[in-house]
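Have a look at the structure below, then the notes.
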Amino acid sequence: MTTQAATPFKTNHRPFKILSLDGGGYKGLYTASVLAEIERFNKPLTQHFDLLCGTSIGGLIALALAAGKSAADVKQFFLDWGDRIFPRGSRWQRLRRAIGQIAGDGKYVDTELREALKDVLGDARMGDANSYLCIPTLNLPTLSPWVFKTDHDPALTRDSDWLMRDVARATSAAPTFFPVAEIEGLPGRQFCDGGLWANNPTLVGLVEAFRFFAGPDRPYDSVRVLSIGTVDDCKPRSVTRHTALSVITGGREILTATLAAQERATARQVEFLRDAFKVPVEIVRIPSPTISPDQLPDIGLDVVTDASKKTLLMYGEQAGHEWNRAASITAFFSEEAAPPRFRQPTN
């Protein structure tokens, strides 16, 4: 286990604690399993973290936790809905999906995904969250990053009425896999997977912390981040291979490379920036497990098989068990987070 952390610090005030969850499609079962194992020995996560920051499937997990679901509930969600959201189907159906992925229609329709999101999130709205939230997505028509947030400051007045399930659909609209997402009430905006720019949303969470919560004359004088990745399924590329990344495979190779590079770049940028922060910052990153080459076919953004479930559960429960004993993790649970305070609407 490795911990990316600043020099240990002591403070007279509570640290502002952030839970940051990477994107990764069905590999989020690993993330949910890690969280369920940690939560099994502690009180509910939302009682100990001030801000939940998640992208794509990490955003769905963050929203479900903020809606009152336990990590075990979220893990069960993957087991119940995974093969309905990402159906394997017959050879002919797989061929049709591959053609749709190349043609721009998306590999999957989102009917089951929307039903699944309604099942886990119901009619909860952003303003109903039991923690502060930051959920990155991309506004495709303007190619602009967009972060759905709770109204945790008077300057924030935009997102509290949006349904959590619509926000989850927006952050998880993976290119070539699902159609773009639209939210009624936001005309002209089409949302795409937030992983295109913030698959590891740690930096998004830190910006929010320094903008509103931590620093001189702010309620918190330190920041503590727990960042969790998914399973790295990138296949090492031979130095003798001179071909370009393939679009014929449906863009999977390109998307996987983009997400992996973004995750690693953010982790390094945050590490380099630590000394520039005005308050002490501690960052604990639970990294992706190292999987063997013969396990690679069982792991992927949309790979849902008995083997993938067993592999992701195994690695997630193992990581959760190992990290649960680490002092860097127990520090997050030494005291409860303060209840969230949202902007009060004006009449």
Quick check on my filter: what residues within segment 291-314 are in contact (Cβ under 8 Å) with a residue 12 or more places away in the chain and either surrounded by fewer than 14 Cβ atoms within 10 Å (Cβ to Cβ) or of a type in the set (A, V, I, L, M, F, W, C) (or both)?
ILE291, LEU296, ILE299, LEU301, VAL303, VAL304, LEU312, LEU313
Hey, LYS278 hits all of (1) under 30 Å from ALA327 (Cβ atoms); (2) open to solvent by less than 20 Å² (accessible area, probe 1.4 Å); (3) at pLDDT below 90 but one; which does it fall short on?
(2)
What's the number of the only condition in (1) open to solvent by less than 10 Å² (accessible area, probe 1.4 Å); (2) modelled with pLDDT of 95 or more that GLY24 fails to meet?
(2)
With the structure loaded, tell me whether VAL120 is assigned to a helix (DSSP H, G or I), touching a Lys or Arg at 6+ places or on another chain (Cβ under 9 Å) and not charged (D, E, K, R) or whether it fails that test.
yes
Among the numbered criteria (1) at pLDDT below 90; (2) surrounded by fewer than 17 Cβ atoms within 10 Å (Cβ to Cβ), which one does ASP233 miss?
(2)
Can you tell me which of ILE85, ILE57 is modelled with pLDDT under 95, of a type in the set (Val, Ile, Thr) and open to solvent by 10 Å² or more (accessible area, probe 1.4 Å)?
ILE85
Can you tell me how many residues in segment 130-142 are of a type in the set (S, T, N, Q) and open to solvent by 20 Å² or more (accessible area, probe 1.4 Å)?
2
Can you confirm whether segment 197-211 contains a residue that is hydroxyl-bearing (Ser, Thr, Tyr), under 16 Å from the mean Cα position of the chain (by Cα) and within 17 Å of SER144 (Cα to Cα)?
no
Of the residues that make up segment 339-347, is at least one open to solvent by less than 30 Å² (accessible area, probe 1.4 Å) and of a type outside the set (Ser, Thr, Tyr)?
no
When only residues in segment 143-160 that are in contact (Cβ under 8 Å) with a residue 24 or more places away in the chain and polar (S, T, N, Q) count, which is most open to solvent (accessible area, probe 1.4 Å)?
THR157
Among the residues in segment 64-80, are any open to solvent by 10 Å² or more (accessible area, probe 1.4 Å), at pLDDT 95 or above, under 19 Å from THR111 (Cβ atoms) and hydrophobic (A, V, I, L, M, F, W, C)?
yes
What number of residues within segment 204-220 satisfy the criterion of being open to solvent by less than 10 Å² (accessible area, probe 1.4 Å) and of a type in the set (Asp, Glu)?
1
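The values are calculated or read from the model by the stated rules, or taken from the named source; none is laboratory data. The shown structure was predicted, so the numbers you read here are calculated from the model rather than taken from an experiment. Neighbour counts run over all protein chains shown; Cβ positions are idealised from the backbone, glycine included. We work out accessible area using only protein heavy atoms, side chains counted, and drop any ligands, DNA or RNA first. Shrake-Rupley method; radii C 1.70, N 1.55, O 1.52, S 1.80 Å.
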